[in-house]
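Here's the structure we're looking at; comments come further down.
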Amino acid sequence: MENRKVRLALTKGRIESKAVDLLEKIGYDVSELRNKGRRLILSVPGEDIEVVLAKPTDVITYVEHGVCDLGVVGKDTIMEHGGKFFEISDLGFGKCRFALAVKKGTEFYKGYGVKTVATKYPEVTRKFFEAKGIDVDIVKIEGSVELAPLVGLSDGIVDIVETGTTLKENGLEVYDHVADISARLIVNTVSMKLKQERISEIVRLIEENCDDKNN
Ligand code: PRP
């Protein structure tokens with residue numbers, strides 16, 4: 001492995017600012033991260049670490065390939081995508097849940113016909129229903145999944161629920177809980193061995209400062 005700085009991949013978007021807050025709490029200079037413009041690789045002045053910003057599944061890809069040593073990514077992406085890396089810690093922010101939701105008043109588990117479920121997360125959905133021994137047809141949707149039952153494409157959806165506002169405003173409700181979600185710290189398996197001292201130190205700092213119960 002080449003002699004470069006330790007590289008941390010952060011998921012752009014929803015959990016980005018909380019992750020940057022965490023790095024600041026550790027004592028890192030996050031000025032470049034706060035004023036990044038369109039730059040994708042940011043340095044942390046005075047530290048042997050640089051930060052890469054990427055989409056959720058790409059964070060996993062970069063960490064799996066070892067071009068990033070560490071990553072911060074949602075459990076939702078880990079559950080759907082899987083991969084070969086160590087999931088080291090629950091960072092306690094970005095908390096939400098996967099839920100099965102239906103049009104208000106619908107009894108999803110009643111009746112004999114095979115139900116249709118729309119989702120951005122077919123793998124999570126498949127495993128959830130398989131564990132329950134329920135046969136369903138899964139339709140992959142790319143966004144605003146809540147639309148599917150409203151227009152009659154599906155009987156239900158498996159999606160992320162955070163505040164519940166999107167469901168409520170569209171006449172839908174949670175029917176069953178699928179899984180709790182939060183941001184996780186992941187580490188490349190080879191980096192963990194070859195850069196053990198440096199990585200362990202960063203993991204320790206992150207774990208000490210993520211005060212997971214307060215988020
Ligand atoms: C997510 C999710 C829900 C919404 C839930 O969508 O898919 O639609 O957030 O949040 P709430 O419970 O606080 O209303 P996102 O905003 O990521 O957009 P997308 O549906 O276009 O992917």
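The values are calculated or read from the model by the stated rules, or taken from the named source; none is laboratory data. Fair warning: this is a prediction, and the values are worked out from it, not measured in the lab. Don't worry about glycine lacking a Cβ; one is built from the backbone with ideal geometry, like all the others, and counts go over all protein chains shown. Please note that ligands, DNA and RNA were not included when accessible areas were found on the heavy atoms of the full protein model with its side chains. Shrake-Rupley method; radii C 1.70, N 1.55, O 1.52, S 1.80 Å.
Per-residue accessible area for SER89 at 1.4 Å probe radius, Å² rounded to 10?
Counting only protein heavy atoms, SER89 exposes about 10 Å² to solvent.
For a quick check of understanding: with a 1.4 angstrom probe and all protein chains in place, what accessible area in square angstrom does ARG34 have, to the nearest ten?
We get 110 Å² for ARG34.
Report in % the part of the accessible area of the chain that belongs to carbon and sulfur, leaving out ligands and nucleic acids; probe 1.4 Å.
48
If you place +1 on the Cβ of every Lys and Arg, -1 on the Cβ of every Asp and Glu, and leave all else neutral, what size is the dipole of the chain about its Cα centre, to the nearest 20 Debye?
Using Cβ point charges on Lys, Arg, Asp and Glu, the chain gives about 280 debye.
For the chain, what is the accessible area per residue in Å² when the probe is 1.4 Å?
Result: 52 Å² per residue.
Under a straight-distance cross-link criterion of Cα-Cα below 14 Å, which aspartates and glutamates are reachable from LYS103, leaving out those fewer than 8 residues away in the same chain?
GLU146, ASP155, ASP159, GLU169, GLU173, ASP176
Among LEU167, GLY152, LEU185, which residue has its Cα furthest toward the positive end of the charge dipole of the range 148-193, with +1 on Lys/Arg Cβ and -1 on Asp/Glu Cβ?
Value: LEU185.
To one decimal place, what Kirkwood hydrodynamic radius in Å is obtained for the chain from all pairs of distinct Cα atoms?
That comes to 18.7 Å for the chain.
Got the relative contact order for the chain handy, in percent, Cα pairs under 8 Å and 6 or more residues apart?
Answer for the chain is 28 percent.
Could you sort out which of LYS12/LYS84; LYS5/LYS140; LYS5/LYS120; LYS75/LYS168 sit more than 27 Å apart by Cα distance in this structure?
Over 27 Å apart, Cα to Cα: LYS5/LYS140; LYS5/LYS120.
Note down the magnitude of the dipole of the range 7-66 about its Cα centre, charges +1 on Lys and Arg C-beta and -1 on Asp and Glu C-beta and zero elsewhere, to the nearest 20 debye.
Roughly 360 debye for the range 7-66.
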